[in-house]
1. Tell me, in nm to one decimal, what length is gained between Ser61 and Asp111 on full extension, where the rule is 0.36 nm per residue of separation less the Cα-Cα distance?
2. Using a simple spin-label model with points 7 Å from Cα along the Cα→Cβ vector, what separation in nm is obtained for Thr3 and Met83?
3. Looking at the calculated P(r) for the chain, what percent of the C-alpha pair distances fall above 29 Å?
4. Taking R0 as 35 Å, what's the FRET efficiency between Tyr190 and Thr49 from their Cβ-Cβ distance, rounded to 0.05?
5. Using a 1.4 Å probe on the protein heavy atoms, what percent of the accessible area of segment 58-194 belongs to carbon and sulfur?
6. Kindly provide the helix-only [θ] at 222 nm of the chain, computed as the sum of -39,500 (n - 2.57) over DSSP H runs of four or more divided by all residues, to the nearest 500 deg cm²/dmol?
7. How about Lys68: which lysines have a C-alpha closer than 20 Å to its C-alpha, ignoring those fewer than 8 places off in the same chain?
8. Can you compute the label reach from Val176? Point 7 Å from Cα along the Cβ direction, backbone N cut-off under 13 Å, restricted to segment 76-104.
Amino acid sequence: FGTRDDASSLFTIVKLAPAMAWRVNDSLSIGAALGLNYVAGTQELFPNTPSFPGFRFKGASGVEWNYKLGLQYRPASDVVIGMTYGPQTSVPMKNGTLRINIPGTGVVRYDNARLDGIRLPEELAIGLSFHPTPSLLVSLQGKWYNWSSALNTLRLTASGPRDPTAPPTQSLVSWVDVLDQDVLSIRVAYQHIE
């Protein structure tokens, strides 16, 4: 378009998750965490290019609860197996503003903008730790994050234009198509004994 402009998305997620656990017996422990999630963000797509219907979305945030469950099993004194699971959690972002460049009208501010489609992924983690020798600890952990289901389509909607000649609502859809994330961790610790 012969101009210099921005295309960006920035999302912040803050989690607070107090947890508690119960030791059922010498081999089995179970636990749970109740989490409070806060999400905020901004999006820009060529907001300063007059010949393009660009937009700037900001000021929206959302809060939602979720949970995580955990299990720890000790089949032997030197072996520990653990597992955690957390479900997918939708966190809609509300009470934002949208400035959009409407061809023929100019930049119009909408005071009631929201973004739907932001979800924290379903996650599953399985871990194993063991002592091959009294001084050596080896741990393996696998994690799976179901991002492909959590972040695929974002829908930005807005109403309440400050210009009475502008359309009463705006709706913008974007496809993200994020891939799942698989993480494998291997840790080794050695304690030197004299």
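1. Numbers: separation 50, 0.36 × 50 = 18.00 nm, distance 1.39 nm.
Result: 16.6 nm gained on full extension.
2. 5.5
3. Details: 8369 of 18721 pairs.
When all Cα pairs of the chain are counted, 45 percent exceed 29 Å.
4. Details: r = 58 Å, r/R0 = 1.67.
So the FRET efficiency works out to roughly 0.05.
5. Details: 4600 of 8160 Å².
That share works out to 56 percent.
6. On the way: 1 runs with 4 residues, N = 194.
The helix contribution divided over the chain gives -500 deg cm²/dmol.
7. Once the sequence-local lysines are set aside, what remains near Lys68 is Lys15, Lys143.
8. Under 13 Å, as judged by backbone N against the label point of Val176, lie 89-93 of segment 76-104.
The values are calculated or read from the model by the stated rules, or taken from the named source; none is laboratory data. Everything quoted here is computed from the prediction, not taken from an experiment. As a convention, Cβ positions derive from the backbone with ideal geometry for all residues, glycine included, and neighbour counts pool all protein chains shown. The area values use the complete protein model at the heavy-atom level, side chains included, leaving out ligands, DNA and RNA. Shrake-Rupley method; radii C 1.70, N 1.55, O 1.52, S 1.80 Å.
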